[in-house]
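Structure first, commentary second.
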Amino acid sequence: MIVIDLRQENGGHRRRQNLAFLREQNDGKLMAKKMRAVQVSRAGGPLELVERDIPEPQAEWVRVKVDACGICHSDTLVKDGLWPGIQYPRVPGHEVIGVVDAVGERVKPWKKGQRVGVGWHGGNCGYCDHCRRGDFFACTVALLTTGISFDGGYAEYMVAPAQALALVPDELSAVDSAPLMCAGVTTFNALRNSGARGGDVVAVLGIGGLGHLGVQYAAKMGFKTVAIARGKDKEAFAKELGAHHYIDSQASDPAAELNKLGGAKVVIATVTHAGAMTAVLGGLAPNGVLMVIGAAGPLSVDPILLITGSRSVEGWYSGTAIDSQDTLSFSALSGVHSMNEVFPLERAAEAYERMMSGKARFRVVLDISRK
Ligand SMILES: [Zn+2]
Ligand SMILES: [Zn+2]
């Protein structure tokens, strides 16, 4: 295996030569079995472009020829070794869109040639107590996470459990769909499980990678949609996304502003600052729910607010394969789009840094077929 460090600034031409050389070394048959992948070989190590054998799918798994893969903040779990027990080398990537390329034994009903997505939830046992109750995300026996338990989508090919596949509608492109496999399903699924009904006041706190999708989904689901962010400059954009109201949390008290609208039935908190979440709690209507999907530090909650209004704070995990499929289908139906910055696979390290900078508008996607 040849490892090429993408951090080297002036090595681009040499790298291409090396890869070309490698390919020439193989005869036609061997060459067809190689692929490019970007891996992390140790905790805290760089993203490295490597040539690997194209993997074969085991029973109940499929091989996917990857067209696009989103870069998610959770990929830091792989890059920085924050996931307990993670084994290296590991190819990150859990926002994968591609085409079924080969199927293992006992795979039903997937067929070669179908367009599929693979998201965070890579599989579960199906027979532990949590699985038997339908809480697949909490499986205690064989919970698989794409790009962590097995290699993900920063590669030309990957293998995945058939259980992890979502069908991709024809009208969605691979690059458009990729972020919907994590950022999309997380916001869509949180909203549709929030208890809000058509016409209810639903606020989305934060307009970033998650929030810009959350505002669109909330509006398309028929909620009276309120976007909350810092600064007057984001108002026009929030309204373009479909928000009916905009609250500038720097210029006003977001809780007071929500109360002027009758209080929020649901606030979906996409921000990573706990203080910003605390600041909206007083704007929840009676029985209102703060749904937390942004990974923030410890959250301060006034119990009096919870008690007097029967309000609650809850978290929401992302979703399983069928939730991702529903997300893609709803997005195609209603015209919800992720705004993406697109990079080729070779520039994965640069793309990852762009995601980490927090400056990307709004998701970063690897277009694997692009050179
Ligand atoms: Zn993710
Ligand atoms: Zn289980």
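The values are calculated or read from the model by the stated rules, or taken from the named source; none is laboratory data. Note that this is a predicted model, so its numbers are computed, not measured. Here the Cβ is made from the backbone with ideal geometry for all residues, glycine too, and neighbour counts use every protein chain on show. Calculation scope for accessible area: heavy atoms of the full protein, side chains included, ligands and nucleic acids excluded. Shrake-Rupley method; radii C 1.70, N 1.55, O 1.52, S 1.80 Å.
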Margin query: With a 1.4 Å probe and all protein chains kept in place, how much accessible area does His73 have, in Å² rounded to the nearest 10?
Written below: 110
Margin query: So with the 1.4 Å probe, I'd like the accessible area per residue for the range 194-281, rounded to whole Å².
Written below: 39
Notebook entry, point to check: Label Thr272 and Lys108 with points 7 Å out from Cα along Cα→Cβ: what is the distance between them in nm?
Noted result: 4.4
Check: Between Ile304 and Cys125, what FRET efficiency comes out of the Förster formula 1/(1 + (r/R0)^6) with R0 = 56 Å and r the beta carbon distance, rounded to 0.05?
Finding: 0.85
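Order these peptides, 78-87, 154-163, by their mean beta-carbon neighbour count within 10 angstrom, highest first. Can you show the working numbers first?
Working: 78-87: 13.8, 154-163: 24.3.
Going by the mean number of other Cβ atoms within 10 Å, highest first, we get 154-163, 78-87.
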Check: For the range 61-66, in order, what is each residue's ³J(HN,Hα) by Karplus, 6.51 cos²θ - 1.76 cosθ + 1.60 with θ = phi - 60°, in whole Hz (x at glycine and Pro)?
Finding: 10, 10, 9, 10, 7, 7
Check: Ordered by residue, what ³J(HN,Hα) values in Hz, to whole numbers, does the range 170-176 give under the Karplus form 6.51 cos²θ - 1.76 cosθ + 1.60, where θ = phi - 60° and Gly and Pro are x?
Finding: 4, 6, 9, 6, 4, 5, 4
Check: In whole angstrom, how far apart do the alpha carbon centroids of the range 102-157 and the range 300-371 sit?
Finding: 19
Check: Using θ = phi - 60° and the Karplus curve 6.51 cos²θ - 1.76 cosθ + 1.60, what whole-Hz ³J(HN,Hα) does each residue of the range 215-228 get, with Gly and Pro shown as x?
Finding: 5, 4, 4, 4, 5, 5, 7, x, 8, 6, 9, 10, 9, 10
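Expressed in nm², what is the orientationally averaged projection area of the convex hull enclosing the Cα positions of the chain? If you can, show how the numbers build up before the last one.
Details: hull surface 77.5 nm².
The number I arrive at for the chain is 19.4 nm².
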Notebook entry, point to check: Taking only C-alpha pairs under 8 Å that are 6+ residues apart, what is the relative contact order of the chain in percent?
Noted result: 17
Checklist line | Residues with amide H under 5 Å from that of Ile71, placed H, sequence gap 5 or more | finding: Val364, Val365, Leu366
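First compute the accessible area of the chain with a 1.4 Å probe, then give the percent of it belonging to carbon and sulfur atoms. Each step should come with its number before you reach the end.
Details: 8460 of 16580 Å².
Carbon-and-sulfur percentage of accessible area, whole number: 51.
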Item checked: 0 to 90° range, to nearest 10: angle between helix 321-334 axis and the chain longest Cα axis -> 70
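May I ask you to derive the FRET efficiency for Asn287 and Arg361 from their Cβ-Cβ distance with R0 = 35 Å, giving the value to the nearest 0.05?
Values: r = 35 Å, r/R0 = 1.01.
Between Asn287 and Arg361 the formula returns 0.50.
Let me check something: with ligands and nucleic acids excluded, how do Arg52, Arg192, Arg106, Arg42 order by accessible area (1.4 Å probe), largest to smallest? Please report the intermediate quantities before stating the final value.
Values: Arg52 35, Arg192 95, Arg106 160, Arg42 125 Å².
Most to least solvent-accessible, the answer reads Arg106, Arg42, Arg192, Arg52.
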Item checked: Label-point separation, Ala43 to Arg370 (7 Å along Cα→Cβ), nm -> 3.4
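With n ≥ 4 as the cut-off for DSSP H runs, can you work out [θ] at 222 nm for the chain, using -39500 (n - 2.57) per run divided by the number of residues, rounded to the nearest 500? Please list the in-between numbers first.
Working: 13 runs with 99 residues, N = 371.
Mean residue ellipticity at 222 nm (helix-derived): -7000 deg cm²/dmol.
Averaged per residue, what accessible surface does the range 90-186 expose to a 1.4 Å probe, in Å²?
Values: 3730 Å² over 97 residues.
Accessible surface, normalised per residue, equals 38 Å².
Return the subset of Lys34/Lys112; Lys34/Lys359; Lys33/Lys108; Lys112/Lys359; Lys108/Lys224; Lys239/Lys260 for which the Cα-Cα distance in this structure is over 29 Å, preserving the input order.
On the way: Lys34/Lys112 19 Å; Lys34/Lys359 35 Å; Lys33/Lys108 25 Å; Lys112/Lys359 38 Å; Lys108/Lys224 41 Å; Lys239/Lys260 19 Å.
Pairs exceeding 29 Å: Lys34/Lys359; Lys112/Lys359; Lys108/Lys224.
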Next item on the list: Enumerate the amide H contacts of Arg311 below 5 Å, restricted to partners 5 or more residues apart or on another chain; note that Pro and chain-start residues carry no placed amide H.
Entry: Asn287
Margin query: Just to confirm, what accessible area per residue do you get for the range 317-371 at 1.4 Å probe, in whole Å²?
Written below: 44
Item checked: For Asp101, distant residues with modelled amide H under 5 Å away -> Arg63, Val64, Lys65, Gly113
